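Take a look at the structure set out below.
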Amino acid sequence: MLIASWNVNSIRARLEHVTRWLGAHNPDVLLLQELKAEEFPSALFEKLGYASAAVTQKSYNGVAVLSRRPLAVISTTLVGDEADSHARFLEVTVDHLRIANIYAPNGNPIGSDKFIYKLAWMDRLYEQMKIWLQSGIPTVVGGDFNVIPEDIDCHKPASWMHDALFQPEPRIRYRALLALGYTDAFRFLHPGQGGHFTYWDYFRNSFERNRGIRIDHFLLSPEATTRLEDCEIDKAARAMEKPSDHAPILVQIEA
DNA sequence: ATGTCGCCTCATAGGCGA
């Protein structure tokens, strides 16, 4: 099963991109983040052969799952705070695989309420992912984690030193997810390889100079990791006209 | 501090979030 994840930075602005990309790569499942719209064009994707589920809000955030096979929505809220109004979480099952789509908070600037919320949200994600492990169901958690895991995951650590995505607190929490037993699919298959990013700023010709960061990830439970076949970043999508600032990441899971 | 997008509005400019 080919599963992809893409932060599109507005589904309205990127509808053509997503449509074309689906045709070119034909994934079984596509996780979308940062829809930035109340309405999700599910009918359009239905015509392309994809069932979908979406959690949306006006202007901000928003996540959706597209699937060629039938999908069942399990949860739209992350454990630990039922009152959280941000559209950042969507858990589904496709066949016998659990697939969770997340859009973690950015958290900038450091020390702000948004930074506090980022850390609290990651603590909740930890609890959620711990619960999932106990079920033994193969689980794939994909999306925009808004964390630069290690120094090799950015072009130059010094330029991200004052950014929330590079702070010790979120990085420690990301590592805690791995310590639970989850595997960072891309890093597992490409150990020690720097220069592979999923996000590049719009300004300062960041993409042309490959000044990016790796913040979109697939974390796999042990049962899913044994079935991991491939994980790649589609850098070409970032080179399209009027692109999202993120590139899609793809993971191939056996059967 | 800055750059660039996309969203929204006491809207055609400015603020916010990323």
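The values are calculated or read from the model by the stated rules, or taken from the named source; none is laboratory data. Keep in mind the model is a prediction, meaning the values are calculated, not measured. Using ideal geometry, Cβ is built from the backbone for each residue, glycine included, and neighbour counts are taken over all protein chains shown.
Side notes on the structure shown:
- Selection count where residues are within 16 Å of DNA strand B (Cβ to nearest atom) and part of a strand (DSSP E or B), scope the stretch A:140-159: 3
- Unique match (being assigned to a loop (DSSP other than H, G, I, E, B), modelled with pLDDT of 95 or more and either surrounded by fewer than 16 Cβ atoms within 10 Å (Cβ to Cβ) or of a type in the set (S, T, N, Q) (or both)) among A:Pro105, A:Pro109: A:Pro109
- Screening the stretch A:198-234 for residues that are within 16 Å of DNA strand B (Cβ to nearest atom), out of contact with any Lys or Arg (no Cβ under 9 Å at 6 or more places or on another chain) and more than 16 Å from A:Phe145 (Cβ to Cβ) and picking the one that is modelled with the lowest pLDDT gives A:Phe203.
- Of all the listed residues (A:Ser75, A:Ser135, A:Ser42, A:Ser67), the sole one being more than 13 Å from DNA strand B (Cβ to nearest atom) and buried (at least 20 other Cβ atoms within 10 Å of the Cβ) is A:Ser67.
- Selection count where residues are within 14 Å of DNA strand B (Cβ to nearest atom) and either modelled with pLDDT under 95 or of a type outside the set (Gly, Ala, Ser) (or both), scope the stretch A:235-246: 7
- Residues being more than 16 Å from DNA strand B (Cβ to nearest atom) and on the phi > 0 side of the Ramachandran plot - total across the stretch A:45-64: 1
- Residue satisfying all of: in the stretch A:11-25; free of Cβ contacts under 8 Å to residues at least 40 places away in the same chain and either among the small types (Gly, Ala, Ser) or in contact with a strand residue (DSSP E or B) (Cβ under 9 Å, 6 or more places away or on another chain) (or both); nearest to A:Val92 (Cα to Cα) among these: A:Val18
- Restricting the stretch A:1-18 to residues that are within 22 Å of A:Ile99 (Cβ to Cβ) and of a type in the set (Gly, Ala, Ser) leaves a set whose member that is farthest from the chain's Cα centre (by Cα) is A:Ala4.
- Test result for A:Leu31, hydrophobic (A, V, I, L, M, F, W, C), under 23 Å from A:Glu223 (Cα atoms) and at pLDDT 95 or above: yes
- Scan of the stretch A:197-230 for residues that are over 30 Å from A:Glu127 (Cβ atoms) and assigned to a loop (DSSP other than H, G, I, E, B), ordered by number: A:Asp201, A:Tyr202, A:Phe203, A:Arg204, A:Asn205, A:Ser206, A:Phe207, A:Glu208, A:Arg209, A:Asn210, A:Arg211
- When residues of the stretch A:97-113 are limited to those that are out of contact with any helix residue (DSSP H, G or I) (no Cβ under 8 Å at 6 or more places or on another chain) and within 11 Å of DNA strand B (Cβ to nearest atom), the one nearest to A:Phe218 (Cα to Cα): A:Tyr103
- Long-range neighbours under 8 Å by Cβ, at least six apart or interchain, first residue among the small types (Gly, Ala, Ser) within the stretch A:232-255, second in a strand (DSSP E or B) and away from DNA strand B (no atom under 14 Å from the Cβ): A:Ala247/A:Ile233
- Index of the failed condition, A:Tyr117 passing every other in (1) without any contact (Cβ under 8 Å) to a residue 24 or more places away in the chain; (2) part of a helix (DSSP H, G or I); (3) over 21 Å from A:Asn9 (Cβ atoms): (3)
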